[in-house]
Structure formats: C-alpha cells, structure tokens
Amino acid sequence: MSRAVVEAFVKLHEKGLIYQGSYMVNWSPNLQTAVSDLEVEYSEEPGALYHIKYRVAGGSRDDYLTIATTRPETLFGDVAVAVNPKDDRYAKYIGRQAIVPMTYGRHVPIISDKYVDMDFGTGVLKISPGHDHNDYLLARKLGLPILNVMNKDGTLNEVAGLFCGLDRFEARKKLWSDLEETGLAVKKELHTSRVPRSQRGGEIIEPLVSKQWFVSMEPLAEKALQAVEKGQLTIMPERFEKIYHHWLSNIKDWCISRQLWWGHRIPVWYIAGKDSEEVYIVARNADEALQKAQEQYGKNVEIYQDPDVLDTWFSSALWPFSTLGWPDVSAEDFSRFYPTTMLETGHDILFFWVARMVMMGIEFTGTVPFSYVYLHGLIRDSQGRKMSKTLGNVIDPIDTIGEFGTDALRFTVALGTAGQDLNLSTERLTANKAFTNKLWNAGKFALQNLPDQSDLSAWEAISAHKFDQEEALLRLPLPECWVVSKLHLLIDAVTTSYDKFFFGDVGRETYDFFWGDFADWYIETSKARLYHKESHLIASVAQAVLLYVFENILKLLHPFMPFVTEELWQSLPNRKEALMVSPWPRTSLPRQIHSIKKYENLQALTRAIRNARAEYSVEPAKRISASIVASSDVIDYISKEKEVLALLSRLDLDHVRFTESPPGDANRSVHLVASEGLEAYLPLADMVDISAELQRLSKRLSKMQTEYDGLVSRLNSPNFVEKAPEDVVRGVREKAEEAKEKITLTKNRLAFLELTVLVSE
C-alpha cells in the first residue's frame, strides 16, 4: 500500500493539487501535531469572559475601548482592534490607535468591519490572526500581519515578553492578575463557550499558523458531487445525501501533513544547506529524489526527507484500489474487483472516509469506487449515550459474544434502522439469544422427525413433493398449504427488502415468520401429522414441508446469523454444498391466499378456545368438549383439521362436534366468536366446578369492592385531591377506573354462572 500512497501524492502534486504553505491549522500541543477540522470536537463548557481596557493612544485616561475575550493570553498577538462601522458608540475612534495592554505600549490600528458583532460582549473585537480561525481569515482579507505568540507545546514565546515560557492557561491566570493590578481589568464574568477539543487526545486545540502540506479539494469535490447528481453513486439512507452535498459544497483545503508518526512518510526531500524549504523535490523514493537533486544541484548534493507523515485518512482514501494492486491497473485483483458494488460503514465517517474515497477513486481511476454507500448507525448504550471509559458504559464485543453468542450480537445490531444509532441493551441481546436457541431447537425437532438417511424409500417420498408448482400446492392439506404459501410470500418480501437494502425489515420479517408462524403454529400443527400412526403418507407430507420451510428459513437468515444457520444446514441430510454457496430461494413462487385466510380462521378459533381456558383457569392437561358452529363451507375445511384443532386447543377429540346451528346446551356453555361466521360453544361444566367457582368469584368480588371503595374514598377527600402531587392523584384515579372495570367483569361472570345453575336445575 505504501507504493500506492506515494504514487497518489506524486500524481496529485504533478496536477498542482498538492501544495505547501503556512496557514492556520488546528494544533494539538500534547500530541505535537496538526489535526484536521473533522478531528476537532466542540463542546459547550463553562468558562469566563474577560473584559479588558485598551487605551486609545493620544487620548485621556477616559479614552479607552473595553474588549471582551475568552482567551486574554492571545492579546500579545493582537494586530488590530475592530468595531462595526454602524456602531455609533465607537465611530470617533475609527482610524486611531489602541495600546495593547502589557506590551510596553505597542500600538495597533482601530479599524471598522461589518464582520464585528455589535451585540456580542462590548461590540469591540481584538484581532489575533495567529490564534483564531475567524481572525485569520479577516486579517488575510484586510491585509493585516500575522503574529504568533505561542510555541508548538502550548507555551508562550518571546513575543509575550515577561510571560514567555508560561503554559497558555498559566499565562491566562497571571495576565488577568497583572491586569487587575494595573487597573486595566474591568470585570470577569461566567460564560459558556464552544471549546475545540482533539478527538484523539481530548485536549483543547490551539489554532496556529504553521507550514504544512495541503490538498486543493474543490476540483476533487466537484467530481464527487457530480457522481451523486448523475446517479453513479447512491447514498443510503437518502437523507445523508444532503450532508454529503453540504460538506463537499463548502469544502476547505485539506491539511494532510502530521507530526505524529502514525502514517506514511511524506515523499518530499529538501536540499541540505539551503535555508529555504521552498526548494523541494517530490519523488517516489530516496534514489529518485537524489537523482533529481543531482541533475539540478550537482553530484555532491545532499538531501533529507520531510520529517512529517501523511494524515492516515489520506492513505485510507486510497483503500478501494490500493489494496487491489493499483497503480498497476492491469493487476488481476484490480481488474476483477474494482469498482465494487457497495460500501457499508458508519454514518459518522461519511466525510472522513467515504467522500474522500469517492474523490480519490474518481481522480485516479476515472470511476467511483462503489455504486452504493450504506450507512449504519452507531452503537450506544441502553440509555442512548456514547460509550466511554469515563462513563463506564463500554460494551466489549468479545465479552458480549461470550455471554450471548456471535449470532445473537450480529442479529441485534443488524436489526437497527439504517443510519439510526442503536441503543444496545441486555434485554435486546437476551431476546435474540432466545431467538437463536429457538432456531436451534427447531432444527433439532426437524432432524428428530425426519427419516434416517438409510431409509431410501422414505426420502424418495419426501423428494417427490414439489412446492414450486401451483397444482402441487393445491394438493396439500390446509396447514401445509398455509405455511408454504406464507413462506413464498416471505421470500418475495425479503428479497425485495434485500434489493432495497432494508436489512432491518429483512430481519424483522423473517423473525416474525419463523417464531410466529413456523415455530408457534406449524411445528405444533405438524405433531398431529408426524405422530399419525395410521398413515405414512400424511407424515411424509409433513416431513417434506417441515424440511422445505426450515431450510429456506436458514437461507434467509444466513447473512444475519451465519454460524448457527451453517451448522444447522450441515446437519440436515443430503447437504452436498455449504449454505454459504447455496442458491438463493427462487422468487414468484406459488401461494394460496384463500388457504392462508382459511388457516387464519382455524388460528382464530384456537386462540379463542385457549383464551377461554385461561380465563376459567382450566388445567392445561384437561381435555374439554366443544361444539363448532359455522356455515357448511367453513365446517368443511375446519372439520378436516379436527385433529389439529384438538391438539392445539386441548379438546377431547371424541367430543368435538361441527354443526350449523347452536347446540342444545348453549345456555350452559361459554359462547366464543372466533371470526365472522365461526363460533364455538364450550360446556361450562367441562371447564370448572361451578359451585367452587361461584364461591371463589364471590370472595374475589368482595375484596375488589373493598379496594375500590378505599380508592373512591381517597378521591372524595378534598385534602388528598388538593394537597397530593398531581401524578399521585392521577395514579389513584387510574387504579380506581381499573378496579371498577374488574368489578364489572367479575359481576358479569357471576351472573353467567348463576344463570347456568338455574338452567341446569
């Protein structure tokens, strides 16, 4: 990669896109290096605003300007004092001279410029272009000199006079103390400032003018903007295109030289003995640099390399092609893999890395390095906070994998919405670990209920079932037709979501189908077939469907959960290739919407019966009788699944009746409406001991009434309503409403039971 980095630097220099110069940069005193604008993080921090007198030269003691600044130590670098031309308070001083405090009478001009904010501080601005980005730009516009008062280690230099050698923050304290002693300090007030801190080290950044290497970015950015406008590059989610466009439209030249040795050495050599570093040689290596130098300065010339290194983002920007053999464009990897289809990365480095890769890719290869950029969110803690050692909320992925498993962690992270930060919590990880376990157990169930591999006739029977044909689907029993149809719908939906890069939707849709439809319903339904001792054909159909649906679920989940799905796939019989290289499920497979609706009726009926059993606290093992009432066409398909209904609802198979009219004991039964045109009657005597239930409910009603009366009494008390906190009163009202609803339900239940007893008598 070093060769590619050097080649990129040389080519950009040959095109005039790399230059050296002394400009304002962000300087890290502790790290002793320049850092880019994007590596500076601003935070609102408490500080102080210092009000200082600047006497007007040639005036009386009352002729002075008060300047408010957050960094008084930079006043030694003042080159002018500015006021707004519309500010009548200071119009008389424009064109005169101000005396910079503590500088032995150094004078600077008082100028006017509309840039000055009349409402900030006192409306008077000290211009220190060597230590402020805005002042630097203003000084360059107005032709003012640049005066630096600080060393690279954050101490003041000889320009600061008696303060020379002091650390910038120590100097601030001493300077203010001296200003107070000399009567030049007006006041010091609390003030919140936007403090620039190094992303790498956390220290406060110092703006300094320094000689560095820069890349001219406008020509590169223009091509990168056009790539998006022409549709050559798509950024997802779409909202990040605006951020991309804003950054590239307002781009500044990129300071690429660093003094911290963590990158590639800058391929520039200077001539020994020459004081000026304006004379330099750009070359691919030291031998080439020496040869060029000898051609210009003779055989005895001595050279030395620039001590700086390149910003690591410079080399990172070349990654899409430098790793493939570039600058050798005939390299096999480069020819085969460049450009690629998609880059997936965090939204926080859209400009740091993505935009720079796009710019460099277009510049050096003539094409974008990838067609799509998929931006994921950042991983935060359960409270949405950024992870940090200070907060102690860092989640170590290795520890997380050890506790929850790799697949559970991958699945949790992948379920996040594109571009949205994800609050990673133990609850989410625990839930997805349970999902992984559920998948594993479903695999065990399938394996345990498939024929032995040596039973060739059984496997021939299973292989004979084809689910990609309409007529074959129509021949399936209702539950099998339902689950296969739902699977085919899922494959279409998931494939579309994958194509649109809606990965979160893929995960959620597959999760819901596997757990809600396959595991909770079809696996339970299949037990009525698999354990059917009278017909091997019925069991064979269930085995074929079980295997077909499960292996396709593994395919859909494999990108999310590669380890558990591959392990399960390899365990299935007759696997000739790995899941990783198996073909994706075919789309536009047949599905039966009518069968889906019919099975949903069966599900609704099952749920209604289960709810009634729970409501009356029927023991799980107890079988009850039931009368199913519906039209003849509904009875036709429901009755065919009598065994399934009995298995799922814990009904007594010998006492399940199907009829088009209510049974004779309807008045002594619990009436259920499962869906329109589908009802059930459950004999109450089958479910509960009516006498015991009457006693239990009567006691429960008495207790609930007492609790309700107590709540109402509190609400009727003026002392409570008027003096208690509003949220407490609201809570009591909600409890009272809830208690009232429960009392009503219990009374209705009692009335029903009493009526049942009367009818029986």
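The values are calculated or read from the model by the stated rules, or taken from the named source; none is laboratory data. The shown structure was predicted, so the numbers you read here are calculated from the model rather than taken from an experiment. Here the Cβ positions follow ideal geometry from the backbone for every residue, glycine too, while neighbour counts run over all protein chains shown.
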- prompt: Is it the case that K555 is among the charged types (D, E, K, R) and modelled with pLDDT of 95 or more?
  reply: yes
- prompt: Which number in (1) out of contact with any Gly (no Cβ under 6 Å at 6 or more places or on another chain); (2) surrounded by fewer than 19 Cβ atoms within 10 Å (Cβ to Cβ) marks the one condition that A331 misses?
  reply: (1)
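Quick check on this structure: which one of V629, V634 is of a type in the set (A, V, I, L, M), over 47 Å from the mean Cα position of the chain (by Cα) and more than 20 Å from S669 (Cα to Cα)? Steps first, please.
Details: V629 fails: more than 20 Å from S669 (Cα to Cα).
One residue alone meets the criteria, V634.
Report those strands (runs of 3 or more DSSP E) wholly inside the stretch 599-718 carrying at least 3 residues which are among the acidic types (D, E) and modelled with pLDDT of 85 or more.
By residue number, no strands (runs of 3 or more DSSP E) qualify.
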task: Considering only the stretch 133-154, state which residues are in a helix (DSSP H, G or I) and closer than 15 Å to N26 by Cβ.
output: H133, N134, D135, Y136, L137
- line: Going through the stretch 519-557 in order, the residues found to be touching a helix residue (DSSP H, G or I) at 6+ places or on another chain (Cβ under 6 Å), in contact (Cβ under 8 Å) with a residue 60 or more places away in the chain and aromatic (F, W, Y) are F550
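Residues of the stretch 131-144 being in contact with a Pro (Cβ under 8 Å, 6 or more places away or on another chain) and either touching a residue at least 24 places away in the same chain (Cβ under 8 Å) or not charged (D, E, K, R) (or both), which ones? If you could, list the steps in order and put the result at the bottom.
Taking the stretch 131-144 as the starting set, the residues that turn out to be in contact with a Pro (Cβ under 8 Å, 6 or more places away or on another chain) are 131-133, 135-136, 138-140, 144.
If the condition is that a residue be in contact with a Pro (Cβ under 8 Å, 6 or more places away or on another chain) and either touching a residue at least 24 places away in the same chain (Cβ under 8 Å) or not charged (D, E, K, R) (or both), then H131, D132, H133, Y136, L138, A139, L144 are the ones that fit.
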task: Might you let me know whether the stretch 329-351 holds any residue that is within 26 Å of F214 (Cβ to Cβ) and either among the acidic types (D, E) or assigned by TED's automatic domain parsing to the domain that holds F501 (or both)?
output: yes
message: Suppose we keep only residues that are outside any strand (DSSP E or B) and β-branched (V, I, T) within the stretch 1-55. Which one would you say is farthest from the chain's Cα centre (by Cα)?
response: V10
- prompt: When the residues of the stretch 116-130 are filtered to those that are out of contact with any Pro (no Cβ under 9 Å at 6 or more places or on another chain) and small (G, A, S), which remaining residue is nearest to Y90 (Cα to Cα)?
  reply: G123
task: Could you look through the stretch 56-81, keep only residues that are in a strand (DSSP E or B) and farther than 25 Å from F169 by Cα, and pick out the one that is nearest to the chain's Cα centre (by Cα)?
output: Y64
- prompt: Is it the case that some residue within the stretch 387-409 is basic (K, R) and either modelled with pLDDT of 90 or more or in a strand (DSSP E or B) (or both)?
  reply: no
Checklist (1) surrounded by fewer than 19 Cβ atoms within 10 Å (Cβ to Cβ); (2) part of a helix (DSSP H, G or I); (3) within 27 Å of the chain's Cα centre (by Cα) applied to G361, failing item: (1)
